[in-house]
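> To start, I am sharing the structure in question, which I have written as structure tokens.
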Amino acid sequence: MILQGKSVFGGIAVGKLALYRKRDDQVKRKKISDVEAEIRRFEKARKQAKEQLGTLYEKALKEVGEVNAMIFEVHQMMLDDLDYIESITNMIRTQGVNAEFAAATAGDNFSQMFAAMEDDYMRERAADVRDISNRLIAVLQGTASGGIDGEEPVILLADDLAPSETVQLDKSRVLSFVTRGGSTNSHTAILARTMNIPALIGVDFFGSGSKRQDETSAEEDRFAEDGWPDWDGKTGIVDGYTGKLYIEPDEKTLSEYRAKKEADEQKRRLLQELKGKANVTSDGREINLYANIGSVSDAAGALANDAGGIGLFRSEFLYLEAEDYPGEEVQFAAYKTVAENMAGKKVIIRTLDIGADKQADYFGLAREDNPAMGYRAIRICLERRDIFKTQLRAIYRASYYGTISIMFPMIISVGEVRQIKEIIAEVKAELNAEGFLYRDCELGIMIETPAAVMISELLAREVDFFSVGTNDLTQYTLAIDRQNPKLDNIYDSHHEAILRMIRMVVENGHKENCWVGICGELGADTTLTETFIRMGIDELSVTPSMILPVRDAIRKSRAFSQDFAR
Amino acid sequence: MTEFNYVIVDKQGIHARPAGQFVKEAASFPCEVHIAKGGKEVDAKRILGVMGLGAKCGDTITVKTNGEQEAEAAEHLRKFLEENL
């Protein structure tokens, strides 16, 4: 049986299912005779509940960090809230009811107030108020809170989990959370993300309304007496990528998921071990390892994967997503956000690389027989200077907020670079006149044409860095159209011609104090990492998910062969 | 009585955690502190009330202090709001 929910954190979990039933919190209304004694009983319970929360806060502080632990401090404050206390003591005093009943009623009233609010986040806080009342009731009744029985880790299924419940769980025994209620803002979701375990919400395991995808299990599910499905101890799979929960999957599905999980874990171990480590070879040469990104939000992925900077920020998204030429302010905001998010780390923005396979209607580009070799990238920019200047103004204005470098695509001549520099000088003069602040940006070019390789010595005198775009360089050098599947068998990304070209570019660049990186797909090819390092490459820029695997390859490489070192 | 207006700029509005911090700050002064929003006024030393205001980004809240150290309290709370909300 397969149930569909909404994933709040990716990953795979395979294990026994455990249904988390809340204690029977049925609170009975009782008449009490000694009102003052009941109020004292309430005050004592309140004090005890606050002490429990203090302990939980300390525990959560260690396990999930201050931001997530703060909720227990807020709970303590709620227990100190005079509105809350008075509503309970007044009820005891005026209606002569037991403290349990008064606490439950107050909890309901206040949680209803939150549940009625517009804001999603505030609605979630209804659970908090109910939670503190339940805690009070538990103390008053002298019952312990629920938990997981047994030693084996489980996939925990619950209606919804209150914050105090999630923190009391022995987390080493939870493989995944699956809840029927909850939202992406719920504590369970936040906790799952903090714990890095897969979690699903909105899974209706009571059957009604659930999107059952496997209709073959025609027989009615057996439900336990309390109305919960009878799944305790059965095998389940949580797929945090697709949001699916499998109950008693067949052997084939099970072995598929075990393999997926193994691959997942291996990847994660690699990530965990390598985070924070230097990109340094076993014999001590350090390489810059940056990320390629194609939108503002990608910067988060770059940082999460420990990128040392952005080696290629493709600016096309601004143009491709728009209906008309994106203005200076829109571009400025995008570049500034990335520069700020990277907090001083280098961000290399590549100017507009449109044309060929990347088209935007409003540019009105004519159809071409051979677009890869046609009117594209810097060729458009040098002709349509208005477009180019708008982008450069935006980049220079954003440069004030971080460390921005600028890189130009499809260069084939020194003349192009000089024209670019003239335009930059105009842009700077304008910004000066208008009183905008900016910093001087490192200027570099993409090396993606054989021409640029051949004159790299001359180009190196003009710029601060080179970044080799191996995809186009390979296509142009081997004269192989990468879109043509017929040519796949002769397309060789490790072709000696390409490797020699990269070596030549590094040597020529270094002669003129120009650093050299690779931002094409080849940069992420870990079978070549050592080769590149031995060539003297200074930087590799790869897709965020490849940063740690490439770091691993760097750390296993030697910059000099053993013989040479001796 | 001292009072001032403040426009919430935090995208999340006055949520549980900042509400808790605000209440703590308010409670550290001897004077009465109230917050009003759209005709509703609550005791700023009580967290459920403050959270119950549901003040969101862009909302204007009025903070009123009355009694001993009211000027200091107002100044301090204004600073707190500016730094946190």
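> Mind checking whether some residue in the stretch B:3-15 is touching a residue at least 24 places away in the same chain (Cβ under 8 Å), within 14 Å of chain A (Cβ to nearest Cβ) and small (Gly, Ala, Ser)?
Checked the stretch B:3-15: at least one residue is touching a residue at least 24 places away in the same chain (Cβ under 8 Å), within 14 Å of chain A (Cβ to nearest Cβ) and small (Gly, Ala, Ser).
> For the stretch A:242-275, which positions are modelled with pLDDT under 90 and part of a loop (DSSP other than H, G, I, E, B)?
Result: A:LYS275, single match.
> Return only the number of the condition from (1) within 14 Å of chain A (Cβ to nearest Cβ); (2) touching a helix residue (DSSP H, G or I) at 6+ places or on another chain (Cβ under 8 Å); (3) at pLDDT 85 or above that B:PRO18 does not satisfy.
The one condition B:PRO18 does not meet is (3).
> Among the residues of the stretch B:27-55, count how many are part of a helix (DSSP H, G or I) and buried (at least 18 other Cβ atoms within 10 Å of the Cβ). First the steps, then the outcome.
Initially, the stretch B:27-55 is screened for residues part of a helix (DSSP H, G or I), giving B:27, B:47-52.
Those still in the list that are buried (at least 18 other Cβ atoms within 10 Å of the Cβ) too: B:47-52.
Number of matching residues: 6.
> To continue, here is another question. Pull out all pairs, ordered by first then second residue, where Cβ-Cβ is under 6 Å, the residues are six or more apart or on different chains, the first lies in the stretch A:411-423 and is closer than 14 Å to A:ARG379 by Cβ, and the second is part of a loop (DSSP other than H, G, I, E, B) and modelled with pLDDT of 95 or more.
Filtered contacts from the stretch A:411-423: A:ILE412/A:THR449; A:VAL417/A:GLU462.
> Got a number for residues in the stretch B:34-58 being in contact with an Asp or Glu (Cβ under 7 Å, 6 or more places away or on another chain), within 12 Å of chain A (Cβ to nearest Cβ) and modelled with pLDDT of 85 or more?
So the answer is 4.
> So, one more: Out of the residues in the stretch A:70-114 meeting the condition of being among the β-branched types (Val, Ile, Thr) and in a helix (DSSP H, G or I), tell me which one is nearest to the other protein chains (Cβ to nearest Cβ).
Here is the first cut: in the stretch A:70-114, the ones among the β-branched types (Val, Ile, Thr) are A:71, A:74, A:85, A:88-89, A:92, A:94, A:97, A:105.
From the residues that got through so far, the ones that are in a helix (DSSP H, G or I) too are A:71, A:74, A:85, A:88-89, A:92, A:94, A:105.
Numbers: A:ILE71: 7, A:VAL74: 4, A:ILE85: 10, A:ILE88: 12, A:THR89: 15, A:ILE92: 19, A:THR94: 20, A:THR105: 15 Å.
Per the criteria, the residue is A:VAL74.
> Pick out the one residue from A:ALA366, A:ALA372 that is farther than 21 Å from A:ASP440 by Cβ, assigned to a helix (DSSP H, G or I) and at pLDDT below 95.
Values: A:ALA366 fails: assigned to a helix (DSSP H, G or I).
Being farther than 21 Å from A:ASP440 by Cβ, assigned to a helix (DSSP H, G or I) and at pLDDT below 95 holds for just one of A:ALA366, A:ALA372, which is A:ALA372.
Rundown of residues vs (1) under 20 Å from A:ASN68 (Cα atoms); (2) out of contact with any Gly (no Cβ under 7 Å at 6 or more places or on another chain); (3) at pLDDT below 75, yes/no style:
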| site | (1), (2), (3) |
| --- | --- |
| A:THR143 | no, yes, yes |
| A:ILE148 | no, yes, yes |
| A:PRO153 | no, no, no |
| A:VAL167 | yes, yes, yes |
| A:ILE197 | yes, no, no |
| A:ARG212 | no, yes, yes |
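The values are calculated or read from the model by the stated rules, or taken from the named source; none is laboratory data. Fair warning: this is a prediction, and the values are worked out from it, not measured in the lab. Positions of Cβ are generated from backbone atoms using ideal geometry, with glycine treated the same way; all protein chains shown enter the neighbour counts.
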